[in-house]
Amino acid sequence: MAYIELKGLKKKFGEKEVIRGLDLEIEKGEFVSLLGPSGCGKTTILRMVAGFVDPTEGEIIIGGNTVYSSEKNIYVKTGKRNLGMVFQSYAVWPHMNVFDNVAYPLKIQKLPKEEQKRKTMEILKQVGLEGREKDFPWSLSGGQQQRVALARGLVMEPAVLLLDEPLSNLDVQLRQKMKEELMEIQQRTKVTVLYVTHDQGEALQMSDKIVVLNKGNAEQIGTPEEIYHHPKTIFTADFVGKMNFLKNGNKTFGIRPEYISIGKEKKDRAYGISGRLERYIFEGNRNSYLFSTEEGELTVETPIPVSLLKGEQAYLNWDQQVEFER
Ligand SMILES: Nc1ncnc2c1ncn2[C@@H]1O[C@H](COP(=O)(O)OP(=O)(O)OP(=O)(O)O)[C@@H](O)[C@H]1O
Ligand SMILES: [Mg+2]
């Protein structure tokens, strides 16, 4: 039995159904991301797991305990679900120093003062904020503030950590660093993570499993590799990474730009088509070429530039492609 189970979860706000029957299983210690565009229902799912939003239908089981069931009329309060949470906004309280911010959940639980101190200092060490306990949030960098929020989510040693876009306020470099730190902290604490993001890079890099959401439906659930290389639907293929789409009769094909090699002639490879170079873009670590072909436009990405001028013909070869039914 999985550690967290969501069964036939539905949520309506008024007449509008925003979650349309979600089934999801999360194993203990897994890092699972809910990935999808704005408004697809990510936060709503997280809030249902947390107990802030009541599902309209379905069941939520955490660690073998049913914490919500519409049928059996079960509702377990947030405080009794053994969860830690980090939300995007209001991440830290500006009027409290680092220690008080992090110790807050322990204070609410009325743990003895000594115990509060021991646990708070321990988790501050884990997130690399040792010695900063007296500092106020305004004297911390964005990344440090995010770590305070993370420490507060972890201080109760929850079995499950819910994270709602915790890195979205950070700049690119800091975000990369925090991603790595988050993964390290998760491995150290072995906490089960349900992570909300609209950033496919974050989901691909950090997750054991990704749930791609589209308008309240799970389009696909799989490992990052499965989602990237074997997307089942055009939506998933388009949302995660870059994808060329070519049509052949009723079948649509998808080809990742890096699957394609540029040559002077047809190679002995599975697929190929000739094209005319329309545009070249230098992107630092890679080169992006836009070709026009008989079957549509194709973008090709290569780490090493090829010598080809705009308007010249070339042959484009690739070995693998994705076929879509719809
Ligand atoms: N309290 C509410 N009352 C009415 N509608 C709501 C409420 N909360 C969310 N919604 C609607 O439910 C849908 C899903 O919202 P949700 O916040 O879960 O999306 P999201 O995937 O987290 O989006 P974002 O990436 O923008 O945060 C949206 O259409 C939103 O307008
Ligand atoms: Mg949201």
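The values are calculated or read from the model by the stated rules, or taken from the named source; none is laboratory data. These figures come from a predicted structure and were not determined experimentally. Note that each Cβ is placed from the backbone with ideal geometry, even for glycine, and that neighbours are counted across all protein chains shown.
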Is it the case, given these coordinates, that residue 312 is of a type outside the set (Ser, Thr, Tyr), assigned by TED's automatic domain parsing to the domain that holds residue 254, surrounded by fewer than 14 Cβ atoms within 10 Å (Cβ to Cβ) and touching a residue at least 24 places away in the same chain (Cβ under 8 Å)?
yes
What is the residue count in region 109-118 for residues that are farther than 16 Å from residue 97 by Cα, basic (Lys, Arg) and part of a helix (DSSP H, G or I)?
2
Could you list, in sequence order, all residues of region 126-142 that are at pLDDT 90 or above, surrounded by fewer than 16 Cβ atoms within 10 Å (Cβ to Cβ) and under 21 Å from residue 84 (Cα atoms)?
130
Identify all residues within region 155-198 that are within 14 Å of residue 29 (Cβ to Cβ), part of a helix (DSSP H, G or I), of a type in the set (A, V, I, L, M) and over 13 Å from the mean Cα position of the chain (by Cα); write none if there are none.
185
May I ask you to say which residue of 5, 17 is of a type outside the set (Phe, Trp, Tyr), assigned to a strand (DSSP E or B) and more than 25 Å from residue 223 (Cβ to Cβ)?
17
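Sort out which residues of region 64-78 are surrounded by 12 or more Cβ atoms within 10 Å (Cβ to Cβ) and small (Gly, Ala, Ser), and write them in order of number.
Initial filter on region 64-78 (surrounded by 12 or more Cβ atoms within 10 Å (Cβ to Cβ)): 65-70, 74-76, 78.
Of everything in region 64-78, those that are surrounded by 12 or more Cβ atoms within 10 Å (Cβ to Cβ) and small (Gly, Ala, Ser) turn out to be 69, 70.
Of the residues 61, 45, 26, which is more than 16 Å from ligand 2 (Cβ to nearest atom) and closer than 23 Å to residue 179 by Cα?
On the way: 61 fails: closer than 23 Å to residue 179 by Cα; 45 fails: more than 16 Å from ligand 2 (Cβ to nearest atom).
Testing whether each residue is more than 16 Å from ligand 2 (Cβ to nearest atom) and closer than 23 Å to residue 179 by Cα leaves just 26.
For residues that are in a strand (DSSP E or B) and either of a type in the set (S, T, N, Q) or surrounded by fewer than 22 Cβ atoms within 10 Å (Cβ to Cβ) (or both), scanning just region 45-61, find the one that is farthest from ligand 1 (Cβ to nearest atom).
Step one: list which residues in region 45-61 are in a strand (DSSP E or B), which gives 57-61.
From the residues that got through so far, the ones that are either of a type in the set (S, T, N, Q) or surrounded by fewer than 22 Cβ atoms within 10 Å (Cβ to Cβ) (or both) too are 57-59, 61.
On the way: 57: 16, 58: 15, 59: 19, 61: 21 Å.
Only one residue fits best here, namely 61.
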Among the residues of region 62-106, write down those that are of a type in the set (S, T, N, Q), more than 26 Å from residue 20 (Cβ to Cβ) and within 16 Å of ligand 1 (Cβ to nearest atom).
89
Within region 22-44, residues being assigned to a strand (DSSP E or B), in contact (Cβ under 8 Å) with a residue 60 or more places away in the chain and surrounded by 15 or more Cβ atoms within 10 Å (Cβ to Cβ) number 8
Name the residues in region 188-216 that are under 19 Å from residue 177 (Cα atoms), touching a Phe, Trp or Tyr at 6+ places or on another chain (Cβ under 7 Å) and either among the aliphatic types (A, V, I, L, M) or without any contact (Cβ under 8 Å) to a residue 12 or more places away in the chain (or both), would you?
193, 204, 206
